[in-house]
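The values are calculated or read from the model by the stated rules, or taken from the named source; none is laboratory data. This structure is a prediction, so every number in the text was calculated from the model and none was measured. Cβ: placed from backbone, ideal geometry, glycine included. Neighbour counts: every protein chain shown. Areas reflect the complete protein model, heavy atoms only, side chains present, ligands, DNA and RNA absent. Shrake-Rupley method; radii C 1.70, N 1.55, O 1.52, S 1.80 Å.
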Amino acid sequence: MQEWFHRTLQETGASLKQETWGSGHGISLNQNLAKDWKIRTLHIQAKMNVGVAHSEVNPNTRVMNSRGMWLTYALGVGMLHIVLLSIPFFSVPIAWTLTNVIHNLGMYVFLHAVKGTPFETPDQGKARLLTHWEQLDYGVQFTSSRKFFTISPIILYFLTSFYTKYDPTHFFINTASLLSVLIPKLPQLHGVRIFGINKY
């Protein structure tokens, strides 16, 4: 596609060089048209992001705001819980604790441990050392998606604590699990690598 634009620009520019825009203006018509073609070509190339259907330089910044993402996330957590409840030898408290721990482990890995993007982006590697949470909404704090993904583990924690009847063992496991995903979300820890862990 890019070669076609350059070839068209060269052919058009070459054919237009033979015409002029009057004798007294000093600017040839072909120079104006060639500039116009070049500007249009660059504009089209800038808008073309190969492999994506939007103009985001880094799609990781907006994926959590995409249509139906929150509903899909909630349905995924609900399906996980139903699957765990359907296992005969799991009691209700164990199913709830496992739901909470698996959810928080997945959230920690995908939002706070894995860095970079799963695709090539034209941002020249700016996101290479950032986690998904740090890339989200271009790092702007307290956006609606950040609030949603901060509140959802808290709600799940409250439900888990209620259905485990505040058993001390379950309560300790669930609290530790909750803190493991809430602490990395704090604005004060944006871009911070404690003891250099996960620095590279």
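Computed from the C-beta positions of Thr169 and Val83 and an R0 of 25 Å, the FRET efficiency is 0.65 to the nearest 0.05. Working note: Karplus 6.51/-1.76/1.60 with θ = phi - 60° gives the stretch 59-74 the couplings x, 4, 5, 10, 4, 6, 9, 5, 4, x, 5, 5, 5, 4, 4, 5 Hz, where Gly and Pro are set to x. If you sort Asp137, Asp167 by accessible surface, 1.4 Å probe, largest first, the order is Asp167, Asp137. Directionally averaged projected area (the stretch 100-172, Cα convex hull): 5.8 nm².
Figure note: Leu189, Leu179 ranked by solvent-accessible area, largest first, 1.4 Å probe, ligands and nucleic acids not counted: Leu179, Leu189. Would you work out what percent of the accessible area of the stretch 47-200, with all protein chains in place, is carbon or sulfur (probe 1.4 Å)? Of all accessible area on the stretch 47-200, carbon and sulfur atoms account for 72 percent. Residues Lys199, Lys115, Lys165, ordered by accessible area of protein heavy atoms at a 1.4 angstrom probe radius and largest first, appear as Lys165, Lys199, Lys115.
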